[in-house]
Each structure stands twice: as C-alpha cells, then as structure tokens.
Amino acid sequence: MAARPANAAPIGVFDSGVGGLTVLRALRTALPQEDFLYLGDTARLPYGTKGAGTVVRYALQASQLLVDRGIKCLVVACNTASAVALPAMRTAFAGLPVIGVIEPGAAAACAATRNGHIAVIATDGTVRGGAYPAAIHALRPDARVSAAACQVFVALAEEGWTDGAVAKSAAQRYLGELFGAAADDSPDTLVLGCTHFPMLIGPIRAVVGGKVAIVDSAATVAQATDRLLQDHDLRGNGNGRLTLLATDAPERFARVGSAFLGDAIGAGQIELVDLNPAGRRAGAGTPPR
C-alpha cells in the first residue's frame, strides 16, 4: 500500500481528559478541511494535581500513541502538560511539529494588555510550573503577572455547573480580591490557563467586569496551528474526519465532552486505548480495521 502523503495525515490533539475538546472545537472551526485524532487520558486525569515527573511520563506515553498512528503535527491541548512536558515531547519527537497552549496564550495576552498587568488562572500544576509568567516575560519583560490556581473550576465545568450560585460564588472567591483593586493596579487582561475555564466565562466575566480582555487559549492555539501547518507545508484537504480516543469511561467522556465540543458525542464513537506499553504490545489500543 502506498504511503499516505504527509499533508493528508491527521492532526493529533492530546489532553488529560475532555477539557481539550474546547481547543479541538476551535481547531475544527478554523481548519474544517483537516482530519483530527483526539486522545483524552481519562484514566489518569487530572494532570493538574500531579508531580512534574509523572506528567512528563504520561504525556510522552499519550503522544507516542498518536505518533504511532501517523499524525502530521501534535497539539498539546493540556495546559499542565504544555507547562511541564513540552520540552521533553519536542525532544522525543524531533521533526514533528509540536505546539502547546501556553506560548500562543502568552502572546495574545501581551498583545491585549494596556497597563502591563496580566492575570493568569489555571490549575495547581500549571501555576506551580510558572510557564505562563515565563512565556509572558520572554515577550514583555516589564509585564506584571498575577497567577491564581482555580482548581474547583475544573469540577464545576465537568459537572455542568457553569452558571448559578455555586459557579458565581467560586468565581468571586477566586477572582474578587484580584480584580477588586484600584483601577490603575488591577489586571486589564485575564488568561484562561485551563481548557475547562471557557465553560465558566459567564461567572468569570461578571466578576472581572467588561473592560478586562479575556484570552481564551483555544482560539489562539487554532490560529497558531494554522500558521504552523503553513510554515511546514502541511495544510490538508480532507473532509474534517474526527476520531476520538480515551483511556477510560467512554460514557462519561461522551456525556461531559459533548458540551465542551459543542456537538453531540455518542459513547460508541469513542475508541478505548491502553497507554501502558505492555498493554499496547498485547494488542490493546490498536486502530480498528
């Protein structure tokens, strides 16, 4: 069988769970002609509460499965994996274009801010890693960055509690003090540093006010991926085929993921895979014929 041309291969998208489906949603909107292979490591989420070594190991295993399936580039839709594991992934898969969510988000925040004070909300792991401040300061050394870990937002998004008293109370608790400062001292730009957080845009906007620029990394990653494909002459001309992979709980993936993707997902559409090397050698996780 003749080898498939590189530009006809799918784009691989990896996340620790369903949150990356917000990135996939933006990618499909920006690149409707591309085929996508999405993997959610639902058996081992969340990554945001795990140590750096564990996140690197998990990310490399997940990426290897996608690489083995012949992707042409890799989008790391997980903020924690982007913050901790991106250098290791680029080394392990040299020659494969790899893009994370942090660098595009940082660039968009630097372009949006007027007073140089940027707030970043993310999971514990992403905040601990310090990748967003590092990326922002690389572009704008004089920027002031305030980071806050908002772990409860993840659970609220997955439970569908994206509005109402509980979500509003959580947003006020996390953001009220930071955005309640004097106008000349308060951040004028907010980076949603977790793919779950766009689901709570209503309560977040209510707390930060209408004048604060909110950077959703999903849209910025889609734009950056388009440029990456053009730079490597990898733009495709497919029919937008989507293949969904998960490591556990396809029913929950379908139920929760439908809201994140903005499209109905049936449990039967999700292929279960095994990221354990021994399990894969035994035949688990191989693509259907």
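Mind giving me the FRET efficiency for Ala138 and Asp185? R0 is 22 Å, r the Cβ-Cβ distance, nearest 0.05 is fine.
According to the calculation, E is roughly 0.40.
Taking neighbour Cβ counts within 10 Å as the exposure measure, how do Cys78, Cys150, Cys110 sort from fewest upward?
If I rank by nearby Cβ atoms, fewest first, I get Cys110, Cys150, Cys78.
With the chain treated as a Gaussian network of Cα nodes joined by springs under 10 Å, which of His117, His196, His232 yields the largest mean-square fluctuation?
His232
Restricting to Cα pairs below 8 Å that are 6+ residues apart, what does the relative contact order work out to for the chain? Please round to a whole percent.
26
Tell me what the chain gives for mean residue ellipticity at 222 nm when only DSSP H runs of n ≥ 4 count, each as -39,500 (n - 2.57), the sum divided by the residue total, rounded to 500 deg cm²/dmol.
Helix-only estimate at 222 nm: -13000 deg cm²/dmol.
Along the Cα-to-C-beta direction of Ala206, a point sits 7 Å from the Cα; which residues of segment 148-165 have their amide N less than 15 Å from that point?
Once the point is set 7 Å along Cα→Cβ of Ala206, 157, 161-165 turn out to lie under 15 Å by backbone N, inside segment 148-165.
Could you check which residue among Ala155, Ala77, Ala106 shows the biggest mean-square fluctuation in a GNM of the chain with a 10 Å Cα cutoff?
Of the options given, Ala155 has the highest mean-square fluctuation.
Based on alpha-carbon centroids, what's the gap between segment 226-264 and segment 90-153 in Å, whole number please?
Here the answer is 23 Å between Cα centres.
Given N residues in segment 103-218, what is its alpha carbon radius of gyration divided by 2.2 N^0.38 Å?
Compactness ratio reported: 0.98.
Any idea what % of Cα-Cα pairs in the chain are farther than 33 Å?
20
Which of Ser82, Ser169, Ser16 ends up with the largest GNM mean-square fluctuation for the chain, with Cα atoms connected below 10 Å?
Ser169
Ranked by Cβ crowding within 10 angstrom, fewest neighbours first, how are Thr243, Thr113 ordered?
Thr243, Thr113
All of the numbers you see were taken from the coordinates with simple rules; none came from a lab. None of these values were measured; they are calculated from a predicted model. All Cβ positions, glycine included, derive from the backbone under ideal geometry; neighbour counts span all protein chains shown.
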